1. Can you work out which of the residues in the stretch 223-252 that are under 16 Å from Tyr269 (Cα atoms) and among the charged types (D, E, K, R) is least open to solvent (accessible area, probe 1.4 Å)?
2. Give the residues of the stretch 79-100 that are in a loop (DSSP other than H, G, I, E, B) and surrounded by 21 or more Cβ atoms within 10 Å (Cβ to Cβ), sorted by residue number.
3. Determine whether Asp188 is part of a loop (DSSP other than H, G, I, E, B), charged (D, E, K, R), open to solvent by less than 60 Å² (accessible area, probe 1.4 Å) and at pLDDT 95 or above.
4. Residues in the stretch 131-159 that are touching a residue at least 60 places away in the same chain (Cβ under 8 Å) and farther than 16 Å from Cys105 by Cα: how many?
5. If you check Asp259, Asp271, Asp222, which single one turns out to be out of contact with any strand residue (DSSP E or B) (no Cβ under 6 Å at 6 or more places or on another chain) and either of a type outside the set (S, T, N, Q) or touching a residue at least 24 places away in the same chain (Cβ under 8 Å) (or both)?
6. Considering only residues of the stretch 109-123 that are of a type in the set (S, T, N, Q) and farther than 16 Å from Tyr299 by Cβ, which is least open to solvent (accessible area, probe 1.4 Å)?
7. Taking the stretch 3-43 on its own, how many of its residues are on the phi > 0 side of the Ramachandran plot, surrounded by fewer than 16 Cβ atoms within 10 Å (Cβ to Cβ) and outside any strand (DSSP E or B)?
8. Using beta carbons and a limit of 7 Å, which pairs, at least six apart or on different chains, have the first residue in the stretch 65-90 and within 18 Å of Gly132 (Cβ to Cβ) and the second one at pLDDT below 95 and buried (at least 20 other Cβ atoms within 10 Å of the Cβ)?
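The values are calculated or read from the model by the stated rules, or taken from the named source; none is laboratory data. Just so it is clear, the model here is predicted, and its values are computed rather than measured. When we count neighbours, we look across all protein chains shown, and the Cβ atoms used for this are built from the backbone with ideal geometry, even at glycine. With ligands, DNA and RNA removed, areas are computed over all heavy atoms of the protein, side chains included. Shrake-Rupley method; radii C 1.70, N 1.55, O 1.52, S 1.80 Å.
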Amino acid sequence: MMKIIDAHAHVVERIAGFGPKGELRPIGNGRARWANGDEIAMIPAVLGSYDFTGEALLSLMDNFYVQKSVLLQGSFYGFQNEYTFEMVEQYPDRFIGAGTFDPFCTRKDQLLERLLNEMKFQIIKFETSSDGGFMGYHEEFAIDGPILEDTFSRIAQSNATLVLDIGNPGAKSYQVEAVKNIARRYPDMKIVICHLLAPGKSGLNELVNGLNALKLENIWFDLAAVPWNLEPEPYETAKHFVKTAKDIVGADKLIWGTDVPSVLTKESYNDLIRYLADSDIFTSSELEAVFYHNACTAYPIRRR
């Protein structure tokens, strides 16, 4: 049986998001309400009403024989550093944790040091995206500029992996050249870009241009929420875009992940595995790399 790592998952002690529409608070049955009154389905009610616990994720993983998950964070669910740390401590063989913080905090250096030294996170993620990240509630800034420069230097020094969600093409946060500059500035720092650059259904050209620009030794791309961003089953556009990515950057630079729990309000976990596993995009050895080995290369995960 093929080994699987879900390299882009979330655990949520309680929904506490923040974004362009203000704070996001749970209202039950897996739904939440923004400060402007808009409501959104975030978690299938069978998996959590106000939360998506580590145990709920483990049950899902066990149902589909997923060995490990990388627990990323972002503004959408609200930062979950403490809970992520607790889940990694409780289930160290199943979870690999990533820390995050808002780099506009005046004590950001202190926050980073605690994540790296006290909580022992070896992955730091920043969601700079305009829709759900920092540029949704801060002024536009250069990702490779002074706001994050010292932070990136410290992450590189600590040999941690940097994860970036730069949003979708056309957004002010979609700064491909800035990411390339960071990768070249810190060639020994591993960088993972979320959502295969988050192209829309008509965004093939943008995807091709972005992948060609970021075809660098220290950059990987996760495939989380690619079907969500493109179309429902049978995911023909998603498969075409993944095949395009393989042709440009190689199968060894693609990392499978889901973005659970929110994607499960539209997709099934099984479909998110099968649309690639049952396709003819990858050879059997390439599938093993995409679903398992590439995550072990990009992240601090010991192969078994």
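1. As a first pass, look at the stretch 223-252 and keep what is under 16 Å from Tyr269 (Cα atoms): 223-229, 231-235, 238.
Among the residues that remain, those that are also among the charged types (D, E, K, R) are: 231, 233.
Working: Glu231: 32, Glu233: 121 Å².
Applying the filter and picking the extreme gives Glu231.
2. Initial filter on the stretch 79-100 (in a loop (DSSP other than H, G, I, E, B)): 79-80, 91-94, 98, 100.
Selection gives Gln80, Ala98, Thr100.
3. Spelling it out, it is not the case that Asp188 is part of a loop (DSSP other than H, G, I, E, B), charged (D, E, K, R), open to solvent by less than 60 Å² (accessible area, probe 1.4 Å) and at pLDDT 95 or above.
4. 2
5. Values: Asp259 fails: out of contact with any strand residue (DSSP E or B) (no Cβ under 6 Å at 6 or more places or on another chain); Asp222 fails: out of contact with any strand residue (DSSP E or B) (no Cβ under 6 Å at 6 or more places or on another chain).
The unique qualifying residue is Asp271.
6. So, considering only residues that are of a type in the set (S, T, N, Q) and farther than 16 Å from Tyr299 by Cβ, the one least open to solvent (accessible area, probe 1.4 Å) is Asn117.
7. 2
8. Gly74/Gly132; Ser75/Gly132; Phe76/Gly132
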